[in-house]
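A short write-up of the structure that comes next.
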Amino acid sequence: MELLHTTYQVQDRVGLITLNRPERMNAFTVQMRNELLYLLGEADQDDQVRALVVTGAGRAFCAGMDLAAGGSTFDYTSRYPQEDSLSRHRDGGGQVALAAYNCRKPVIAAMNGPAVGVGLTMTLAMDMRLAAEDAKMGLVFTQRGLVPEACSSWFLTRLVGAGKALELVCTGRVFRAGEMADSGLFNHLLPADQVLPKALELAREIAANTSATSVALAKAMLWHGLGEPDPQSVHLIDSKVFYWAGRQPDAAEGIQSFLEKRPPEFKLSPTKDMPDFYPWWKEPKV
């Protein structure tokens with residue numbers, strides 16, 4: 001796929017996706033959505049990629065949806081007649097969020113500057129968020145006659161709690177990332193020039209020290225555990241996954257490398273070597 005609004009590179013088993021419309025503060029477009037969906041899908045299937053970092057070119061992360069179409073920007077009946085149906089329309093930010101959520105590799109948002117609207121909501125489904133402490137952020141939908149999207153009504157409440165989520169959404173207020181230091185929204189708040197290096201450092205730590213299948217399974221366990229009704233049901237899942245993992249060569253290698261005081265050499269692939277009960281959350285409950 002030709003990349004027009006993003007760039008992509010892989011180094012040290014870390015994929016780096018850069019939103020690349022700096023002259024428009026990386027405003028979100030349909031083209032950008034399509035490229036993100038493609039890149040997240042490619043990284044999910046690429047065993048040479050162990051973690052992903054998403055950042056923005058220039059001084060912004062993503063200023064939200066490109067509003068060049070003016071007041072009709074979100075009127076899909078005129079702009080996209082093929083989606084002129086409540087049943088057919090699918091929110092683009094939500095498609096990106098779900099692609100990040102379903103990716104078996106950890107996805108880290110390196111929010112190097114302002115992130116507003118979809119520029120913020122699409123990161124809520126990513127596994128970690130690092131932000132420039134002075135960057136302006138905002139869930140401004142209610143101030144634009146809109147509602148939050150990108151599955152954020154599910155992710156935001158789980159990250160910051162219902163009360164804080166309602167405050168941010170109902171006011172639509174713009175805030176500095178540093179104001180949310182203790183909210184759970186961000187993993188790290190840093191000076192802008194340190195955000196991407198720190199995100200890449202985290203991604204390389206994952207790539208160098210962990211089993212790819214262990215990370216993919218752990219990511220799924222943590223996210224999907226949020227939907228389980230009680231600790232007992234999570235215990236049953238944990239037991240099954242742990243039993244499977246303990247019989248695999250990566251577990252033997254992890255123990256042996258520790259005893260021999262050397263870096264591990266894990267071999268299993270999350271595209272080829274996952275347990276036959278994965279994805280367990282899609283199986284009927286019994």
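Would you say Gln48 is of a type outside the set (Asp, Glu), outside any strand (DSSP E or B), modelled with pLDDT of 95 or more and exposed (fewer than 14 other Cβ atoms within 10 Å of the Cβ)? For Gln48, the condition - of a type outside the set (Asp, Glu), outside any strand (DSSP E or B), modelled with pLDDT of 95 or more and exposed (fewer than 14 other Cβ atoms within 10 Å of the Cβ) - is met.
Pairs linking a residue in the stretch 4-18 that is under 14 Å from Lys105 (Cβ atoms) to a residue that is modelled with pLDDT of 95 or more and exposed (fewer than 13 other Cβ atoms within 10 Å of the Cβ), with Cβ atoms under 7 Å and 6 or more positions apart or on different chains, are Val10/Gln48; Arg13/Gln48; Leu16/Gln9. Only one entry in Val195, Val169 is over 30 Å from Arg13 (Cβ atoms) and either touching a Cys at 6+ places or on another chain (Cβ under 6 Å) or in a helix (DSSP H, G or I) (or both), namely Val169. Among the residues of the stretch 200-242, those that are under 17 Å from Pro270 (Cα atoms) and free of Cβ contacts under 8 Å to residues at least 24 places away in the same chain comprise Ala218, Met221, Leu222, Phe242.
Residues checked against (1) surrounded by 15 or more Cβ atoms within 10 Å (Cβ to Cβ); (2) not charged (D, E, K, R):
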position: Arg247; (1), (2): no, no
position: Asp250; (1), (2): yes, no
position: Ile255; (1), (2): no, yes
position: Lys261; (1), (2): no, no
position: Pro264; (1), (2): yes, yes
position: Lys267; (1), (2): no, no
position: Thr271; (1), (2): no, yes
position: Asp276; (1), (2): no, no
position: Pro284; (1), (2): no, yes
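Determine whether the stretch 112-126 contains at least one residue that is among the polar types (S, T, N, Q), at pLDDT 95 or above and more than 16 Å from Met65 (Cβ to Cβ).
So far as the stretch 112-126 goes, yes, one or more of its residues are among the polar types (S, T, N, Q), at pLDDT 95 or above and more than 16 Å from Met65 (Cβ to Cβ).
Would it be correct to say that Ser211 is surrounded by 12 or more Cβ atoms within 10 Å (Cβ to Cβ), of a type in the set (Ser, Thr, Tyr) and under 29 Å from Gln9 (Cβ atoms)? Answer is yes for this residue. Restrict the check to the stretch 128-141 and report whether at least one residue is part of a helix (DSSP H, G or I) and either among the polar types (S, T, N, Q) or surrounded by fewer than 17 Cβ atoms within 10 Å (Cβ to Cβ) (or both). No: zero hits.
Out of curiosity, is Thr55 modelled with pLDDT of 95 or more, surrounded by fewer than 22 Cβ atoms within 10 Å (Cβ to Cβ), assigned by TED's automatic domain parsing to the domain that holds Val195 and in a strand (DSSP E or B)? So Thr55 does not fit the description; no. Output the number of residues of the stretch 34-55 satisfying the condition of being under 8 Å from Gly15 (Cα atoms) and without any contact (Cβ under 8 Å) to a residue 60 or more places away in the chain. Going through the stretch 34-55 one residue at a time, the tally reaches 1. Just to be sure, is Val107 within 21 Å of Ala220 (Cβ to Cβ), β-branched (Val, Ile, Thr) and buried (at least 20 other Cβ atoms within 10 Å of the Cβ)? Judged against the criteria, Val107 is a match.
For Pro197, the criteria (1) within 30 Å of Ile255 (Cβ to Cβ); (2) free of Cβ contacts under 8 Å to residues at least 40 places away in the same chain; (3) exposed (fewer than 15 other Cβ atoms within 10 Å of the Cβ) hold in every case but one, which is (1).
The values are calculated or read from the model by the stated rules, or taken from the named source; none is laboratory data. Bear in mind the structure is a predicted one, so any value in this text is a computation, not a measurement. Positions of Cβ are backbone-derived with ideal geometry, glycine not excepted, and every protein chain shown enters the neighbour counts.
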